[in-house]
Amino acid sequence: IKLDMSWLTPGLWTSGGATFDSRTYSSIVGKTDYERYERDMSVPDELVFKRLGTEIYKTLELSKTNTDNRVYEFRWDVGYQRTFGDHSVGAVGFMKYQEEGRDLAGTAGILPYLRMTYGGRVGYGYKDLVFADFAISYDGSEQFSPDNRYGTFPAVSAAWVVSNHDFLKNSKWLSYLK
């Protein structure tokens, strides 16, 4: 769901969503032992076979496993995008919560996976020629070590779209160069 909030200030929006995914995996495996022969390579000069298996006929043994997997995810974003003459600016802040539970047949309970993320990105562009972005996220997970449940992950990027210059705009041999 996305909501245009331009009534508050032009270029402002917010969005949110929730997802639920449930899957069940099942498998049946059958095995049996039977009498078979394989060439014995320890006697290279003779054609000698060794017997494998101990039963001529043995009943087929079947085993079955089931795994139930459930994923819940909630996300909320707030963003801003505006152009002022030759300059464009944008920003997005977000929060995401993810929980996954895996119930394995034959085990006690559910194996959890929890993750919480807060993040944001700010960007600037000039005449659709040069761009700069800075992004950061603060992720937490119970999968991380107890002493470091949360981590900060920054990123910086810059780009120059050479093909948007006037001398290359009508080029027949080049459509896009960044």
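The values are calculated or read from the model by the stated rules, or taken from the named source; none is laboratory data. All figures in this text were calculated on a predicted structure; none of them were measured in a lab. Here the Cβ is made from the backbone with ideal geometry for all residues, glycine too, and neighbour counts use every protein chain on show. Protein only, heavy atoms only, side chains kept; ligands, DNA and RNA dropped before computing areas. Shrake-Rupley method; radii C 1.70, N 1.55, O 1.52, S 1.80 Å.
What the table below lists for this structure:
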read-out	value
Top-ranked residue of the stretch 16-46 - restricted to ones that are acidic (Asp, Glu) and either open to solvent by 100 Å² or more (accessible area, probe 1.4 Å) or out of contact with any Ser or Thr (no Cβ under 8 Å at 6 or more places or on another chain) (or both), ranked as nearest to Glu99 (Cα to Cα)	Asp21
The stretch 62-84, residues that are under 23 Å from Leu114 (Cα atoms) and polar (S, T, N, Q)	Asn66, Thr67, Asn69
Inter-residue pairs, beta-carbon under 9 Å, first closer than 15 Å to Tyr124 by Cα and modelled with pLDDT of 95 or more and in the stretch 84-100, second open to solvent by 50 Å² or more (accessible area, probe 1.4 Å) and aliphatic (A, V, I, L, M), 6+ apart	Val89/Val122; Gly90/Val122; Ala91/Val78; Ala91/Val122; Val92/Val78; Val92/Val122
Selection count where residues are open to solvent by less than 80 Å² (accessible area, probe 1.4 Å) and either acidic (Asp, Glu) or under 27 Å from Ser88 (Cβ atoms) (or both), scope the stretch 127-151	10
Long-range neighbours under 9 Å by Cβ, at least six apart or interchain, first residue over 30 Å from Arg115 (Cβ atoms) and touching a residue at least 24 places away in the same chain (Cβ under 8 Å) within the stretch 149-178, second open to solvent by 50 Å² or more (accessible area, probe 1.4 Å) and β-branched (Val, Ile, Thr)	Trp160/Val130; Val161/Val130
The stretch 6-15, subset hydrophobic (A, V, I, L, M, F, W, C) and open to solvent by less than 90 Å² (accessible area, probe 1.4 Å), residue nearest to Gln98 (Cα to Cα)	Trp13
Counted residues, the stretch 47-61 - those being open to solvent by less than 90 Å² (accessible area, probe 1.4 Å) and not charged (D, E, K, R)	3
